[in-house]
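Here the structure is laid out as structure tokens; the discussion comes afterwards.
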């Protein structure tokens, strides 16, 4: 059979995309999930803080996912769990396997890629030292603690101050472990400010900014680490070493969109971030294949994943019912100074509006986001504070889009006078 | 009383066990660790050398070329990944061109077939990512890449299936003369054997000194590596060497049989068990490697590791009787992985000369199958899932390893007790997430299969516990 839409991934992105496509009138929708249940990584995020923007209330990860899973009831959207997608092709065929149906090739009129992301590992940053047990990514530790109910260590040093690392600092502490330090290479945290306060400060866990681990010790199990201060070149400064006796090192050193399926399908990927290159309606370089959530860019809040994925679902419905949007006279979106990976990189001329997401590369106090069309300022938005740990969002209305004369716009971040 | 006891089950010990298990002999394999092939055999360049490098007349030269041939036969029989992709030694100057000639001459004397000298144009044609500064190369088509730990494991497994007894967690403490042979005291009991093979890798001198006067010394030497993700795996299609110098064969760049890119090693003196990585060494490896292949993207690194070479102070393999019916196979440095089966073959001959009676078994098992789900055709995939639904559940998403393959590994002749043991057999956790996603699931499958608690599942060797207890069960003091 030919599905209207197949969604690869049953986490928050996939769920929202499928529901939005259904609302826009698609009939046969299939969500394929590799785990035994829907919800994705939210299932292990048992802390609260989810849903403040979307539901206007504070939910845990499983509760947030649960609301969307409940919304599937009665929609006719099919979910196939315990199923791994092995390949996606440009002609919209999906090769997948599971224990009951074996190997099968499914066909769809449209596809939404929603595979999420994975954690960077020790290898990605080449931490020197021995290779004992007790060095885990924060997410793997989170799964052991929250899903399996097992502790991964007693005396913990956390490298990286990404949100999962911060959350795990608190979680391990609440479970009776001693978190000795959170060590961050950069001069600022990569996580949300609220997590620094609620997960480190509230538990008197010291945050060592501009520091890194220079050695892991221990033959079979971690016995200790050495950290050192780093200079502006991010190289350790001799003489600044501090030793910690610990049995566990948790890594929270960044997330990478999981795009092996995308790459093998020949869909454009940004080589710097490994994220899928998308248009304002979340369409990829291949018409009819869309992508949303952390597979495109790593989000700070799941609420934004939901919003973005609804856009992808609606666009898939539009594609199936009305055909593709014209790619002629497209508007390119460029990164200005101090602006990191931007989503989207392209805007269709016929778009009704466009939301631009990005992260700044450094801390900004009183500042502004400026969107320019050549020398012409399209938008000038004041910000009290901007940090790399938090996503920035700019909405361009139809009238602003109409005002664009050139074929590219640029987004800048800059300090302004009070 | 065993006929033969083999001390150490790395590549040399497992090759000896395999060759000896063809005969009606009572064989004991004594291994210190909780699994086989956990020393140098699992941390090396994974190359089967063609054999032009060793100086003619040395034992290294004698066993390398023969070993290259035997390795390919064995890997085919025992279903081990081994690909004959050929190697290039690059020359960056006229002086190094002379070195290539010398290597070529050595190769001829050592019996290496079909070598060629390539000019710069030919290099560029065959290997577009190799540096433009390379002016010539020695091409040796018989060089191969292999999965080294599966190679050793396959031979050890086959020996066990043919009746050899493997004693794990058995460190040799002392050896004494016994009536008609030797008595070996280990941490877990004693073993008596008429003949002993010392294949203890970086510890061969210590074992030797238990039965004879000191005659050589192992000078352990560490080499560090990068292993890059599969998107870098096609950066080169041959094993790319630089000209050897006094420190060895230098830093190489090569694809692995799993489709990754391996880069390394350096060479620094170290302790026998010191497999830590160091910033200075890794910096050296990176800087050296980009001389050969400038475009390597080290941001795609997924793992660093260190292997320790069992270099003997004699500069060559040390092969001979240390005492009556006590055979040293020591100093098995590079090209030890390539030479191992030839050394084992010769060891059997040497023991026979000393009176070991060799009667070939009629029912010798000389095959092995490893089901690699991801390599099957679509029809075959469906077939195996229909037979066993566990092949339809992918546990390791990076390497597409199914639960069926993990269960196979746990039921194999030498049962793994750790995540890394399963990794070495099934390939789980080898990929870009390094077991971050599949680790908890594999741990659960090991606990279930081996009927042990979660806390009893190890990462690797004894003491490498992963979990410290259940949640809300007390923490640090």
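Every read-out reported here was derived from the displayed coordinates using simple, explicitly stated rules and does not represent laboratory data. Predicted model, so just to flag it, every value in this text is computed and none were measured. Backbone-built Cβ (ideal geometry, glycine too); neighbour counts: all protein chains shown.
Rg over Rh for the protein assembly as shown works out to 1.00, using Cα positions for both radii and the Kirkwood form for Rh.
The helix-based estimate of mean residue ellipticity at 222 nm for chain A, built from -39,500 (n - 2.57) per DSSP H run of four or more residues and divided by its residue count, is -5000 deg cm²/dmol to the nearest 500. Using just its DSSP H runs of length 4 or more, each adding -39500 (n - 2.57), chain B gives a mean residue ellipticity at 222 nm of -9500 deg cm²/dmol after division by all residues. The alpha-carbon positions of chain B define a convex hull whose volume is 163 Å³ per residue.
Start at zero, step by 5 Å, and the Cα-Cα distances of the stretch B:220-360 spread as 2, 9, 16, 18, 15, 13, 9, 7, 6, 3, 2, 0 percent across the bins. Protection proxy ranking for A:3-15, A:28-40, B:99-111, A:248-260, using the average of other Cβ atoms within 10 Å per residue and placing the highest first: A:3-15, A:248-260, A:28-40, B:99-111. Working from Cα pairs under 8 Å separated by at least six residues, relative contact order for the stretch B:318-477 is 13 percent. Its Cα gyration tensor gives the stretch A:194-277 an equivalent ellipsoid. The semi-axes, each the square root of 5 times an eigenvalue, are 32, 18, 16 Å from largest down.
In terms of its C-alpha gyration tensor, the stretch B:329-477 comes out oblate, because a/c is 1.5 or above while a/b does not outweigh b/c. Looking at chain A, the pairs of alpha carbons with a distance over 40 Å make up 20% of the total. Here, the stretch A:326-418 is characterised by an Rg to Rh ratio of 0.97, where Rg is the alpha-carbon radius of gyration and Rh the Kirkwood radius.
Please report the base-10 log of the normalised intensity I(q)/I(0) for the stretch B:1-100, using a Debye sum with one equal scatterer per alpha carbon and no solvent, at each q in 0.23 (1/Å). Listed by q, the Debye log ratios stand at -1.35.
Per residue of peptide B:65-76, the mean number of Cβ atoms on other chains within 10 Å of the residue Cβ is 0.
What is the distance in Å between the Cα centres of the stretch A:178-204 and the stretch A:34-107? For the stretch A:178-204 versus the stretch A:34-107, the Cα centre distance is 31 Å.
Structural descriptor for the stretch A:121-253: relative contact order 34 percent, calculated from alpha carbon pairs under 8 angstrom and at least 6 residues apart. Among A:130, B:277, A:83, sorting on how many other beta-carbon atoms sit within 10 Å of each Cβ, with the fewest leading, yields A:130, B:277, A:83. For chain A, DSSP calls about 55 percent of its internal beta bridges antiparallel. Each of the peptides B:438-451, B:251-264, B:354-367 was scored by the mean count of other Cβ atoms within 10 Å over its residues; in descending order, highest first, they stand as B:251-264, B:438-451, B:354-367. For the stretch A:326-418, relative contact order (Cα pairs under 8 Å, six or more residues apart, normalised by length) works out to 37 percent. Summarising the strand pairing of the protein assembly as shown, around 65 percent of its internal DSSP beta bridges are antiparallel. The angle separating the long axis of helix A:302-322 from the principal Cα axis of greatest extent in chain A is about 20 degrees.
Ordering B:369-380, B:181-192, A:118-129, A:201-212 by mean Cβ neighbour count within 10 Å, with the highest value first, yields A:118-129, B:181-192, A:201-212, B:369-380. On the beta carbon distance between residue B:176 and residue B:298, with R0 = 35 Å, the FRET formula returns roughly 0.10. Annotation: the antiparallel percentage among DSSP beta bridges lying fully within chain B is about 75.
Counting Cβ atoms of other protein chains within 10 Å of each Cβ in B:380-389 and taking the mean gives 3.
Look at the stretch B:298-307: the mean tally of other chain Cβ atoms within 10 Å of its residues' Cβ atoms is 4.
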